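Written below as structure tokens is the structure these notes are about.
The values are calculated or read from the model by the stated rules, or taken from the named source; none is laboratory data. What you are looking at is a predicted structure, and each value in this text was computed from that prediction instead of being measured. So basically every Cβ, Gly included, is an ideal-geometry build from the backbone, and we count neighbours across all protein chains shown. The protein model used for the area step is the full one, side chains on, heavy atoms only, and it has no ligands, DNA or RNA in it. Shrake-Rupley method; radii C 1.70, N 1.55, O 1.52, S 1.80 Å.
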Amino acid sequence: MIKNIVNLMRRSSDREVEESEEVLKASLDTTRIPRHVAVIMDGNGRWARRKGMPRSFGHRAGVESLREAVRVSAEIGLKVLTVYAFSTENWKRPQEEINILMDLLVEYLNKEIDELCEKNVKIRAIGGIQELPPKAREAIAVAHDRSKNCSGLNLNIALNYGGRAELVEAVRGICAKVAENELALEDIDQELISRHLYTAGQPDPDLLIRPSGDYRVSNFLLWQLAYTEFWLTDIMWPDFKGVHLVRAVLDFQRRNRRFGGLNK
Ligand code: IPE
Ligand code: IPE
Ligand code: MG
């Protein structure tokens, strides 16, 4: 009996979330959809702890939020969604937690790839992919290959990603070309540096979302965030639903971006 009531309550609150997502979506300005949204998927561990559960429970729940974010991003017509899944600093965590995160990544890619392809989502892993465990590298290679002709949402999954490491890689790549006389010093400009980053060919993020109540970039997209709008929230990533992404985009649409200039 109590279980039924709880289920009923849950179903009606799910409906409310869905409804408000639809209502909010309808109020979006379709001429001002950000092209690129970046998300630091943070707060899984604390979310689980608060429920008296192991951190892995939070990571699993976080995958659901990722699914939601991808769905809504495709629905509202984002060009690029970049999600921070594993940083170059996350290797400091216990090996057991790292293994769980890698297993979840493989499971996500294997399970979702058909649906992602159906939704026309193109997957790109950004970061030091060669340092990931073989099974993760394999799943990424398959996802890349399967989605290579997709032309809808570009989903960047940042794995073993660090903004500083990315810049080091770019500097190395550029220096090698200078040493080989493929490039002259004068050729090095901001555009060339952007082309040597993992996000080459993609616009910089218009909007960065960080859940979990922490106010920092944690080595994410250091170059690309130069003029990005930030949306920070106390909501933990596993509680972050489609409706929150729509809210963030709506808020973004009210921002006045001056890029150092003056109001128009
Ligand atoms: C984000 O959640 C997932 C990764 C960093 C891989 P956390 O695991 O950082 O969760 P908190 O921040 O400890 O709550
Ligand atoms: C940022 O979260 C990295 C990811 C979400 C993958 P962290 O939990 O690693 O960041 P800090 O340690 O709070 O800065
Ligand atoms: Mg964290």
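Of the residues 245, 144, 85, the one whose Cα sits farthest toward the positive end of the charge dipole of the chain, with +1 on the Cβ of Lys and Arg and -1 on the Cβ of Asp and Glu, is 245. Annotation: amide H of residue 208 within the under-5 Å range of 38, 229, 230, 231, sequence separation 5 or more or interchain, hydrogens built in the peptide plane. Computed from Cα positions, the angle between helix 55-76 and the longest principal axis of the chain comes to roughly 80 degrees.
Based on alpha carbons, the Rg and Dmax found for the range 73-167 are 13.4, 38 Å. Can you bin the range 53-126 into rounded, prolate or oblate? Criterion: square roots of the alpha carbon gyration tensor eigenvalues sorted a ≥ b ≥ c, rounded for a/c under 1.5, prolate for a/b above b/c, oblate for the rest. Verdict is prolate for the range 53-126.
In straight Cα distance, which lysines are under 22 Å from residue 135, not counting same-chain residues fewer than 8 positions off? Excluding near neighbours in sequence, the set is 92, 111, 122, 148. The C-alpha atoms of the chain define a longest principal axis, and helix 163-179 lies at about 20 degrees to it.
Quick one: grab the alpha carbon gyration tensor of the range 118-264, order the square roots of its eigenvalues as a ≥ b ≥ c, and give me rounded if a/c is under 1.5, else prolate or oblate depending on whether a/b is larger than b/c. Numbers along the way, then the final one.
Details: a/c = 1.82, a/b = 1.20, b/c = 1.52.
In terms of gyration-tensor shape, oblate.
Taking a straight Cα-Cα cut-off under 13 Å and skipping sequence neighbours fewer than 8 places away in the same chain, the aspartates and glutamates within cross-link reach of residue 79 are 204, 206.
Near the amide H of residue 154, within less than 5 Å, lie the amide hydrogens of 80, 81, 122, all on another chain or at least 5 residues away, with H placed in the peptide plane. For the chain, divide the Cα radius of gyration by the Kirkwood radius and give the resulting Rg/Rh value with two decimals. When Rh is taken as the Kirkwood radius, the ratio is 0.99. Residues 20, 212, 151, sorted by accessible area with the largest first, give 151, 20, 212 [1.4 Å probe; ligands and nucleic acids excluded].
Computed extension gain for residue 167 through residue 96, at 0.36 nm per residue and net of the alpha carbon distance, reaches 22.6 nm. Placing +1 on the Cβ of every Lys and Arg and -1 on the Cβ of every Asp and Glu, with nothing else charged, gives the range 33-177 a dipole about its Cα centre of roughly 340 debye. FRET efficiency for the pair residue 20 and residue 227, taken as 1/(1 + (r/R0)^6) with r the Cβ-Cβ distance and R0 = 22 Å, rounds to 0.15.
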